[in-house]
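S.K.: Here it is, the structure, as structure tokens.
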Amino acid sequence: MERKTFPTSETVDFIVVGSGSAGGIVARELALAGHSVVIMEQGPRLDAWEFEHDELKYRHLSGITNNPATNPQTFRRDESEVAVRRNSMTYARVVGGSSSHFNANFWRLHEIDFIERSVLGPIEGADLVDWPITYAELEPYYCKVEWEVGVSGLAGASPFASFHSRPYPMPHLPIKSSGVLFERGARALGLHPFPSPMAINSTVYRGRPACVQCGLCGGFACEVKAKNSSVWTVIPEAEESGNCEVRSNSYVFQIGMNDAGRATGVHYFDGDRVEQFQHARAVVVCANGSETPKLLLNSATNAQPTGLANSSDMVGRNLMLNKGGGAQARFEEPLNEYKGANVTMMLHDFYNSDPARGFYGGGGFTARSGGPLTWGQNVPEGTPTWGPEFKDYLESYTHWMNCAGHGTSLAQPTNRIDIDPDLKDDWGVSAMRVTYKDHPDDMKHAQFMVDRAVEIMDAAGAVQIVPSEVGPANGGVHLLGTCRMGDDPTTSVIDKYHRTHDVTNLFLCDGSSLPTSTRGQPTHTIEALAFRAAEHINRFAAANEI
Ligand SMILES: Cc1cc2nc3c(=O)[nH]c(=O)nc-3n(C[C@H](O)[C@H](O)[C@H](O)COP(=O)(O)OP(=O)(O)OC[C@H]3O[C@@H](n4cnc5c(N)ncnc54)[C@H](O)[C@@H]3O)c2cc1C
């Protein structure tokens, strides 16, 4: 197939900044509706064979993630501290974005997520809000993700799930050892484990193969295209429409604005670091919960001096990262967890925030495994890190699994992305500064999850359990909430159709749109929002309302 290209001088209908979980879907939907679309992606486009099974490079060095040497960030816990240079916001900088290297746990939200503020009331120190949409409004788009992108799972298996109007298109993945043990422990405690919904093919689906059980999902891109990353699913479909160009190695550093207050296109550096401008009738930023606010703040104009779309001063605020807590467990027999998708069983018994616990928070648990290198670096306290006992520990790798709790983070306006006053990246663009401190309830909830994980693993018959330590967040991979949606332009950045309150032809859609944190697996929701946003943007375009 010959790929469509547009000259920068041509005014295309839409620029989509970012080709990740949300960007790929938005671009496909706009292109299929007949609009000309350029996806600007700062990272390279890699073919399946170019991704490697190299745990050191992909999980510990910046194999496909944002590189601290060239894209530095700074971090501090609160405004009283001087931010130090450290990359705390991690995402994949390639065509496909973080959908390329994620674990692919695909959880829908429940009805409660959209109305928690009304149900629970205010929480001190936090800005808990209701969403401007309901579960019922998003439900058809969850289905759309499941069927168009591909999700395996067993609808109806969780007694706590909100309604599904369609089953999943593929059966769940085969349950592996960790899943069997997790189920045994959970059932012994009267809990309700069920097979995890995953954006990984369990059968051949839409021309792509089933998972080959290589065991390297989280942090890696799928070389057989069984993981449903944008780069293998929606992006090729957008290109096949003949209306969409994916412009890789194109780093957008500013949104162009005219005197009438309308976006005119984007300023970007091409692969040779030469400054370019692409004209467009409208811009949709899908650059994730850290880069979207950075781009808006770096795009300040005389008319909008504190950053684009920032009349509310909410751009970058309410960063949420999903706090977790769990336990590693060792079993008598080998589990051989290095094979298979990372997660096959989970439970949602502790999903809802229960006021009786005395703190806010809820989440889910998964049975999971990690790569040997990552595991080998988390040596339990008391185990020597040298000599024969360390060797014994390393050789016990195949006997271990992880019971991982994934939970909420409360929105706090002081937790934010803004622009570092001093640091610039390799392109001379001002770097992001991250300010983040856990809410006390997030810490209490994380400890609650650790305690539950220990109980589950104990009931499963583990011979050794290592509870995870609950410490302050040092960064995250779920980058959420920094340009929240809402009906009130003084307290939110975008409306419920993802249009910025301040700029008529500027839309934002990605992890930054979420008003609350989800229960630890946000991407199904980010993608459902992307289908929904694109439908409304197409509607506005058809009515000449952009
Ligand atoms: C190791 C790992 C495991 C994970 N596992 C799970 C999981 O199991 N389940 C789950 O729900 N979530 C998981 N996540 C999180 C998930 O990947 C993200 O929530 C999701 O992909 C975010 O989607 P997005 O569209 O907001 O951003 P992204 O997918 O990050 O896409 C943003 C894209 O924009 C590009 N971009 C940014 N700035 C610019 C710019 N200025 N110019 C041009 N391009 C730009 C980026 O390079 C990137 O490609 C995981 C994340 C990681 C890192």
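What follows draws every value from the coordinates through simple rules; no lab data is involved. Computed from a predicted model, the values in this text were never measured in an experiment. Positions of Cβ are generated from backbone atoms using ideal geometry, with glycine treated the same way; all protein chains shown enter the neighbour counts.
S.K.: Restricting attention to the range 95-142, and to residues there that are among the small types (Gly, Ala, Ser) and part of a helix (DSSP H, G or I), which single residue is farthest from GLN521 (Cα to Cα)? Spell out the reasoning first.
M.R.: Quick first cut of the range 95-142, residues among the small types (Gly, Ala, Ser) only: 96-100, 104, 118, 121, 125-126, 136.
Then drop every residue that is not part of a helix (DSSP H, G or I), which leaves 97-99, 118, 136.
On the way: GLY97: 16, SER98: 13, SER99: 12, SER118: 23, ALA136: 19 Å.
Taking the candidates together, the pick is SER118.
S.K.: Criterion first (of a type outside the set (D, E, K, R), more than 13 Å from the ligand (Cβ to nearest atom), in a strand (DSSP E or B) and in contact (Cβ under 8 Å) with a residue 12 or more places away in the chain) does ALA238 satisfy it?
M.R.: Numbers: of a type outside the set (D, E, K, R): yes; more than 13 Å from the ligand (Cβ to nearest atom): yes; in a strand (DSSP E or B): no; in contact (Cβ under 8 Å) with a residue 12 or more places away in the chain: yes.
In short, no.
S.K.: Shifting gears a bit: Mind checking which residues of the range 163-221 are of a type in the set (A, V, I, L, M) and in a loop (DSSP other than H, G, I, E, B)?
M.R.: First pass over the range 163-221, keeping only residues of a type in the set (A, V, I, L, M): 170, 173, 175, 180-181, 186, 188-189, 191, 198-200, 204, 210, 212, 216, 221.
Passing the criteria: LEU173, ILE175, LEU189, LEU191, ALA199, VAL204, ALA210, VAL212, LEU216, ALA221.
S.K.: Just need a number here: residues in the range 64-119 that are free of Cβ contacts under 8 Å to residues at least 40 places away in the same chain, under 28 Å from TRP131 (Cβ atoms) and within 13 Å of the ligand (Cβ to nearest atom).
M.R.: Summing the residues that are free of Cβ contacts under 8 Å to residues at least 40 places away in the same chain, under 28 Å from TRP131 (Cβ atoms) and within 13 Å of the ligand (Cβ to nearest atom) in the range 64-119 gives 0.
S.K.: Would you pick out the residues in the range 26-53 that are surrounded by 16 or more Cβ atoms within 10 Å (Cβ to Cβ) and closer than 25 Å to LYS339 by Cα? Let's see the steps before the verdict.
M.R.: Taking the range 26-53 first, the residues surrounded by 16 or more Cβ atoms within 10 Å (Cβ to Cβ) are 26-33, 35-43, 45-46, 51.
The answer is LEU46, PHE51.
S.K.: If you don't mind, another one. Need the failing condition index for ASP272 against (1) assigned to a loop (DSSP other than H, G, I, E, B); (2) surrounded by 21 or more Cβ atoms within 10 Å (Cβ to Cβ); (3) away from the ligand (no atom under 15 Å from the Cβ), just the number.
M.R.: Evaluating ASP272 over (1) assigned to a loop (DSSP other than H, G, I, E, B); (2) surrounded by 21 or more Cβ atoms within 10 Å (Cβ to Cβ); (3) away from the ligand (no atom under 15 Å from the Cβ) leaves (2) as the failure.
S.K.: Turning to a different aspect of this structure: Any chance the range 297-307 includes a residue that's in contact with a His (Cβ under 8 Å, 6 or more places away or on another chain) and part of a helix (DSSP H, G or I)? Before the answer, list the steps.
M.R.: First pass over the range 297-307, keeping only residues in contact with a His (Cβ under 8 Å, 6 or more places away or on another chain): none.
Scanning the range 297-307, I find no residue that is in contact with a His (Cβ under 8 Å, 6 or more places away or on another chain) and part of a helix (DSSP H, G or I), so the answer is no.
S.K.: Could you identify the single residue in VAL204, VAL180 that is surrounded by fewer than 22 Cβ atoms within 10 Å (Cβ to Cβ) and either farther than 26 Å from ARG452 by Cβ or of a type in the set (Ser, Thr, Tyr) (or both)?
M.R.: Values: VAL180 fails: either farther than 26 Å from ARG452 by Cβ or of a type in the set (Ser, Thr, Tyr) (or both).
Of the residues listed, the single one that is surrounded by fewer than 22 Cβ atoms within 10 Å (Cβ to Cβ) and either farther than 26 Å from ARG452 by Cβ or of a type in the set (Ser, Thr, Tyr) (or both) is VAL204.
S.K.: Tell me whether the range 39-48 contains one or more residues that are over 22 Å from the mean Cα position of the chain (by Cα) and hydrophobic (A, V, I, L, M, F, W, C).
M.R.: no
S.K.: Continuing with this model, one more query. Against the condition farther than 30 Å from VAL454 by Cβ and either touching a residue at least 40 places away in the same chain (Cβ under 8 Å) or not β-branched (Val, Ile, Thr) (or both), how does GLU469 come out, does it pass? Break it down into steps so the answer makes sense when it comes.
M.R.: Values: farther than 30 Å from VAL454 by Cβ: no; either touching a residue at least 40 places away in the same chain (Cβ under 8 Å) or not β-branched (Val, Ile, Thr) (or both): yes.
So GLU469 fails the test.
S.K.: Now a separate question. Give me the pairs, please: first residue somewhere in the range 163-180 and free of Cβ contacts under 8 Å to residues at least 40 places away in the same chain, second residue anywhere and surrounded by 21 or more Cβ atoms within 10 Å (Cβ to Cβ) and of a type in the set (Ser, Thr, Tyr), beta-carbon distance under 7 Å, and either six or more positions apart or on two chains.
M.R.: Note: pairs meeting the criteria are TYR168/SER152; MET170/SER152; MET170/SER202; PRO171/SER152; PRO171/SER202.
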